[in-house]
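To start, the structure itself, in structure tokens.
The values are calculated or read from the model by the stated rules, or taken from the named source; none is laboratory data. Being a predicted model, the structure only gives us computed values, none of them experimental. Counting neighbours? That spans all protein chains shown, and the Cβs are built from the backbone with ideal geometry, glycine included. Just so you know, the surface numbers come from the protein's heavy atoms only, side chains and all, with ligands and any DNA or RNA stripped out. Shrake-Rupley method; radii C 1.70, N 1.55, O 1.52, S 1.80 Å.
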Amino acid sequence: MDVQHLPVLLAESLELLAPDRGGVYVDATVGLGGHAAALLERAPGARLVGIDQDPAALARAAERLAPFGDRVRLVAGNFFRLRELLAGAGIGQVAGVLADLGVSSLQLETAERGFSFRRDGPLDMRMGPGDLSAADVVNEYAEGELEKIFRDYGEERQARRIARAIVGARAREPLHTTGELKSLIDRVKGREPGGREGRVDPATRVFQALRIEVNRELAGLEGFLEQAVRLLEDEGRLVVISYHSLEDRIVKNTLRDLARGQVDLVTGRPHAESQLIEVLTRKPVRPSEDEVDSNPRSRSGRLRAARRLSAP
Ligand SMILES: C[S@@+](CC[C@H](N)C(=O)[O-])C[C@H]1O[C@@H](n2cnc3c(N)ncnc32)[C@H](O)[C@@H]1O
């Protein structure tokens, strides 16, 4: 399938990663290789390790990044194990880490992956080789658990009603497809199937929540950010793009804590050696109107960046 993925906040990411310094950069979510290719083109002295948990994405990245030859190394795995994945590739410290979180256009637009309510497909939603699928969650989780996931991960106001409707429906027949789940949500929310709630489809929040649960997207994020910061050499850069407020909150709070360091209980001041980074983005960087017009997927993107401080 010829899916194009336009890299989000590309100019801003490169500016903050500052790859002209050269060295090894990690793209922890290499996807279809959009950010990675631009980085390698811009900075001839940079090498890149590209990580993704999705073998289909890595295959596409390999094609796209082939012209850069041995400046690129691709590694399959979950970035929650960043340190281990890099150690396996013989890499200790790095000049920069980029994470462009969430799903790629390839995943969204491949109906069989089951990420999109716009394309009928099996309720899957696994980004990598995990065991749990969206069908398992929808058909096996208790009503209260479903409600909690929809509320916590989807910020869905009708979480209880949707959870109850799913449990009622699956008692007759398990839900197998994205289309079945979408029609159920449309019915509960009182919309015509395919109808819109302003610009956001009524199914958006539940689908987001299921994807987060299936891929445990929030659980390892803080640990990943901490590993990334510790792997950075002096002046190394971390750039993270997130697409929903739950993710962005974790990024914001974790970077703030790593910048603040540990406070001395006696003096009340932070230990300088525990202040690992300076946050470079007081507010998240958002895409311009032009970018949103040409790439609607960028609409919810928020970028935060940090610089590794030298040891005192
Ligand atoms: C938004 S896309 C990245 C697109 C890429 N920046 C580009 O320009 O082509 C996110 C990618 O990150 C991958 N991903 C998401 N969470 C991951 C994780 N925890 N570990 C490894 N890869 C992950 C997804 O499989 C997907 O391919």
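Some values worked out for this structure:
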| quantity | calculated |
| --- | --- |
| For the range 217-231, Karplus couplings with θ = phi - 60° (6.51, -1.76, 1.60), whole Hz, Gly/Pro x | 5, 8, 4, x, 5, 4, x, 4, 5, 5, 4, 4, 4, 6, 7 |
| Other-chain or far-sequence residues with amide H under 5 Å of residue 74's (modelled H) | 50 |
| For the range 266-278, Karplus couplings with θ = phi - 60° (6.51, -1.76, 1.60), whole Hz, Gly/Pro x | 7, 8, x, 9, x, 6, 4, 5, 8, 8, 7, 9, 10 |
| For the chain, calculated [θ]222 nm from helices alone, where every DSSP H run of n ≥ 4 adds -39500 (n - 2.57) | -12000 deg cm²/dmol |
| Nearest-ten-degree value, helix 245-260 long axis tilted from longest Cα axis of the chain | 20 |
| Assigned charges on the beta-carbon of Lys, Arg, Asp, Glu; the range 162-312 dipole about Cα centre (debye) | 540 |
| Relative contact order of the chain, defined on C-alpha pairs under 8 angstrom at six or more residues apart (%) | 17 |
| The chain: C-alpha gyration tensor shape, a/c 1.5 cut-off, then a/b vs b/c | prolate |
| Magnitude of the charge dipole, the chain, Cβ model with Lys/Arg +1 and Asp/Glu -1, debye to 20 | 660 |
| Among 253-265, 150-162, the order from most to least packed when residues are scored by Cβ within 10 Å on average | 150-162, 253-265 |
| Gap separating the Cα centres of the range 14-35 and the range 91-138, nearest whole Å | 21 |
| Percent carbon-and-sulfur accessible area, the range 1-137, ignoring ligands, DNA and RNA, probe 1.4 Å | 51 |
| Interchain or long-range residues, amide H under 5 Å from residue 216's placed H | none |
| Protection-proxy order for peptides 83-89, 183-189, each taking the mean of Cβ atoms within 10 Å per residue, highest first | 183-189, 83-89 |
| Accessible area (Å², per residue) of the range 154-312, counting only protein heavy atoms and a probe of 1.4 Å | 52 |
| Rounded to 10°, Cα long-axis angle of helix 204-215 versus longest principal axis of the chain | 60 |
| Carbon + sulfur, % of accessible area of the range 155-312 - ligands and nucleic acids excluded, 1.4 Å | 46 |
| Estimated dipole of the range 40-102 in Debye, rounded to 20 [Cβ of Lys and Arg +1, of Asp and Glu -1, Cα centre] | 160 |
| Cross-link reach list, lysines versus residue 283, counting only Cα pairs under 18 Å and skipping chain neighbours closer than eight places | 252 |
| Burial order of peptide ranges 274-282, 219-227, 23-31 (average beta-carbon count within 10 Å, highest first) | 23-31, 219-227, 274-282 |
| Cut-off under 5 Å, modelled amide H: who pairs with residue 94 long-range | 232, 233 |
| As computed over the range 1-120, the Cα convex hull volume per residue (Å³) | 103 |
| Dipole of the range 1-147 [Lys/Arg +1, Asp/Glu -1 at C-beta], most positive-end residue of 22, 142, 48 | 22 |
| Normalised contact order of the range 73-124, rounded percent, pairs of Cα under 8 Å and 6 or more residues apart | 16 |
| Relative contact order, percent, the range 141-249 [alpha-carbon distance under 8 Å, six or more residues apart] | 25 |
